[in-house]
Amino acid sequence: MPVGILHHLVLAGVLFAIGLTGVLVRRNLIAVYMSLELMLTACTLGLVAFSKQNNAMDGNLFVFFIITVAAAEVAVGLALIVALFRKRGTVRSDELTSLKN
Amino acid sequence: MSDCLFYIFAAIAVAAATLMVASRNTVTGALGMIAALVAVAADYFLLDAPFLGVLQVLVYAGAVMVLFLFIIMLLDVDKTSHERRSAAKWVLGAIVLGATVGAITYALTHADLGAAKAAAEAAPATGTEALAAPLPHGTTAKVFGYGLFTKYMLPLQLAGFLLLSAMIGVVTLVRRPKE
């Protein structure tokens, strides 16, 4: 069976599912954040695949903006994690329970 | 040939992503993440988007992951906290993984993926609608730049502004408060 758009989309889906599992299972905030990035990358893979399928450049350009926004988001997110670590001394999500009850 | 390459890079991406999620050591996880991102970048090359592949390696696998590794080193998270293994958590993870993969694969194999293309070819845009029409696909950086500086001029400016505000935000967030 020749490789078509379906194969790329299934790969994107599998990567997304692995990222989702990481977000739900891991307790280390940095690992959770990396899993989130993996989900974002899986989505961009889907966009690139559809862009080729529809013979349009728009999907590719959208991926460019997603990469830009992701870079900004990672910088802000990691700064938040550093600030949190300074204040609470931990980056484990099950120890950050001050909003509970 | 390219089919073979796709399967190789897909296997690398899935294996590295699994390593990233499963490893207790955060540095190992970050290295797995880099491998997964490079494999996805290779997939971009196979999908006729070499510029995006290069960008992915430079920005994601390069800058972003170096930032991650830097923060991991700075906070020394593996020494201050240990991930406790619990079987129930991983069983839940496996169930979520299986359900998501199953749902996505089922939806993809039952969807008509050519429908949008057929609709676009049936009614070609004219006049003012042509501005909103899809740009023709190309592989060179020139085609990429043309799209960015014509149809997507405003989003491009906003992206630059977003990067500036993110930079200011980061400096404000990590600055130590004055005594």
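Readers should treat all values here as calculations from the given coordinates under stated rules, not as data from a laboratory. Computed from a predicted model, the values in this text were never measured in an experiment. Here the Cβ positions follow ideal geometry from the backbone for every residue, glycine too, while neighbour counts run over all protein chains shown.
Which cross-chain or sequence-distant (5 or more) residues have an amide H under 5 Å from the amide H of A:M57, H modelled 1.01 Å from N in plane?
B:L135, B:H137
Could you tell me which trypsin sites (Lys or Arg not before Pro) in the stretch B:1-107 are loop residues by DSSP with no more than 12 other beta carbons within 10 angstrom of their beta carbon?
Taking the stretch B:1-107 and a limit of 12 other Cβ atoms within 10 Å, the loop trypsin sites (Lys or Arg not before Pro) found are B:R84, B:R85.
Tell me, what HN-Hα J-couplings in whole Hz come from the Karplus equation 6.51 cos²θ - 1.76 cosθ + 1.60 at θ = phi - 60° for each residue of the stretch B:90-98, using x for Gly and Pro?
Values, residue by residue: 6, 5, 4, x, 5, 5, 4, 4, x Hz.
If we count other beta carbons within 10 Å of each Cβ, what is the order of B:S86, A:S98, fewest first? Don't skip to the answer; put the middle values down first.
Values: B:S86 11, A:S98 7.
By the 10 Å Cβ count, ascending, the order reads A:S98, B:S86.
From the square roots a ≥ b ≥ c of the eigenvalues of the alpha-carbon gyration tensor of the stretch B:1-82, which class results: rounded (a/c under 1.5), prolate (a/b over b/c), or oblate?
On the way: a/c = 5.50, a/b = 1.79, b/c = 3.07.
Verdict is oblate for the stretch B:1-82.
Would you report the distance distribution of C-alpha pairs in the protein assembly as shown as whole percents per 10 angstrom bin, up to the bin with the largest distance?
Per 10 Å bin, starting at zero, the Cα-Cα P(r) for the protein assembly as shown comes out as 6, 26, 32, 23, 10, 3, 0 percent.
Under the rule of at least 5 residues apart or a separate chain, name every residue whose amide H is placed under 5 Å from the amide H of A:T90.
Residues meeting the amide H criterion: none.
Determine the shielding of peptide A:77-86 by partner chains: average, over its residues, the number of Cβ atoms on other chains within 10 angstrom of each Cβ.
On the way: counts 5, 11, 10, 4, 4, 6, 5, 2, 6, 3.
Rounded to a whole number, the mean comes out at 6.
Could you give the spread of the C-alpha atoms of the stretch B:134-179 along their three principal axes, from largest to smallest, in whole angstroms?
58, 19, 13
Step through the residues of the stretch B:15-22 one at a time and calculate ³J(HN,Hα) from phi using the Karplus curve (6.51 cos²θ - 1.76 cosθ + 1.60, θ = phi - 60°), rounding each to whole Hz and writing x for Gly and Pro.
Rounded to whole hertz, the list is 5, 5, 5, 5, 4, 4, 6, 8.
In Å, what is the Rg of the alpha-carbon atoms in the stretch A:5-88, and how long is Dmax?
Expressed in Å, the Cα Rg and Dmax of the stretch A:5-88 come to 15.1, 51.
Short version: ³J(HN,Hα) in whole Hz for each residue of the stretch B:50-55, in order, from phi by Karplus 6.51 cos²θ - 1.76 cosθ + 1.60 (θ = phi - 60°), x for Gly and Pro, what are they?
Running phi through 6.51 cos²θ - 1.76 cosθ + 1.60 with θ = phi - 60° gives x, 5, 5, x, 4, 4 Hz.
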